[in-house]
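Data first, discussion second: the structure below is written as structure tokens.
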Amino acid sequence: MTTSETRTTALAILLPVAAVLAATAAFQVGASLAKSLFSVLGPQGTATLRIILGALMMLAVTRPWRGWPAKAPLLPLIGLGLASAGAVLFFYMALDRLPQGVAIALQFLGPLGVAVAGSRRLADLLWTVLAAGGVWGLVGQDLGTGVGGLDVLGVFWALCAAASWAAYIVWGQAASRAFGHATAPLAISIAALVILPFGVAQAGTELLRLELLPWALLVALVSTAIPFSLEMYALPRLPAKTFAVLTSLEPAFGALFGMMLLHERLAPAQLLGVAAVIAAAVGAAWTSRPRTQLPAPD
């Protein structure tokens with residue numbers, strides 16, 4: 001193999017990996033920035049503004065109507081749009097009631113479930129038990145560190161976000177194979193239509209306040225346009241196992257940026273819970289049976 005071929009092969013491996021890590025960091029920074037809008041727009045209004053602005057950005061840049069694939073299946077794209085709307089909406093509703101590190105760790109049970117889906121091996125049972133221990137540490141009561149027990153409704157919303165994220169991974173691979181570079185803007189546009197009624201119901205005309213626009217644009221860019229495009233680039237180029245291993249760092253990013261930008265601090269038991277969820281996700285993904293792609297729905 002020539003030097004040029006070696007370099008090309010290395011880039012083919014490293015670029016999708018770097019894309020997933022950058023998307024993970026961008027999403028958590030954006031979540032920290034978005035929380036500052038909750039006092040004005042609420043979580044539903046903030047999620048709506050973020051997705052709509054992100055969709056407009058991506059449509060303007062990519063213009064997905066050019067080169068529309070012939071006879072592409074619409075069901076995976078619609079499923080991806082619904083899953084994207086649910087993942088953002090439920091996560092923001094959880095973030096309104098939980099520390100960011102806790103919310104993202106609970107949400108990460110979705111990708112963890114994808115990693116162990118259908119397995120009957122002892123190793124995967126071990127990772128499931130470890131994840132359950134991590135969740136127990138996350139939702140436990142105050143252990144004298146000054147951090148109170150978690151909001152039950154917030155935990156419920158985080159678990160709804162976890163289910164949406166699992167669907168996002170499965171539908172995302174199927175849709176990206178069918179629509180290529182057009183997947184991200186089309187799916188996020190569907191998500192914008194789905195989430196709009198929720199945002200209007202909570203925030204109403206507050207969504208139109210011009211003084212909020214610069215901050216909302218920043219949130220949309222960092223939280224939606226950048227990470228969604230990066231993940232749609234990486235999903236068809238990475239095995240499902242590799243994608244799950246890389247995204248297992250998301251709870252760590254969430255706890256880190258929650259502490260740096262929102263001054264949120266977790267109790268020792270909760271930090272151990274975040275670490276346990278990360279370890280379970282890495283272990284489950286790493287020891288899962290080799291397969292190049294997740295089984296995609298018809």
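Could you compute Rg(Cα) / (2.2 N^0.38 Å) for segment 217-274, with N its residue count?
Numbers: Rg = 14.3 Å, N = 58, 2.2 N^0.38 = 10.3 Å.
Output field value: 1.39.
Pairs of alpha-carbon atoms within less than 8 angstrom and 6+ residues apart define the contacts here; what relative contact order does segment 20-286 have, in percent? Present the calculation step by step, with values, prior to reporting the outcome.
On the way: 439 pairs, mean separation 113.5, N = 267.
Rounded, it is 43 percent for segment 20-286.
What would the Debye equation give as log₁₀ I(q)/I(0) for segment 20-286 at q = 0.14 Å⁻¹, counting only Cα atoms as equal point scatterers?
Per q value, in the given order, log10 I(q)/I(0) is -0.92.
What dipole magnitude, in Debye to the nearest 20, does segment 20-286 give about its Cα centre under +1 on Lys/Arg Cβ and -1 on Asp/Glu Cβ? If you can, show how the numbers build up before the last one.
On the way: 13 positive and 9 negative charges, 162 e Å.
The dipole magnitude comes to about 780 debye.
What is the log10 of I(q)/I(0) for segment 51-98, computed with the Debye formula using one identical point scatterer on each Cα and no solvent, at q = 0.16, 0.20, 0.31, 0.33 Å⁻¹?
Log10 I(q)/I(0), no solvent term: -0.63, -0.85, -1.09, -1.09.
Working only with C-alpha atoms, what are the Rg and Dmax values of segment 145-226, expressed in angstrom?
16.6, 50
I need the Kirkwood Rh of segment 13-121: take the reciprocal of the average 1/r across all distinct C-alpha pairs and report it in angstrom. Don't skip to the end; give the middle numbers.
Values: mean 1/r = 0.0613 Å⁻¹.
Kirkwood hydrodynamic radius for segment 13-121: 16.3 Å.
Any read-out appearing in this document is the output of simple, stated calculations on the displayed coordinates, not a laboratory observation. These numbers come from a predicted model, not from an experiment. Counting neighbours? That spans all protein chains shown, and the Cβs are built from the backbone with ideal geometry, glycine included.
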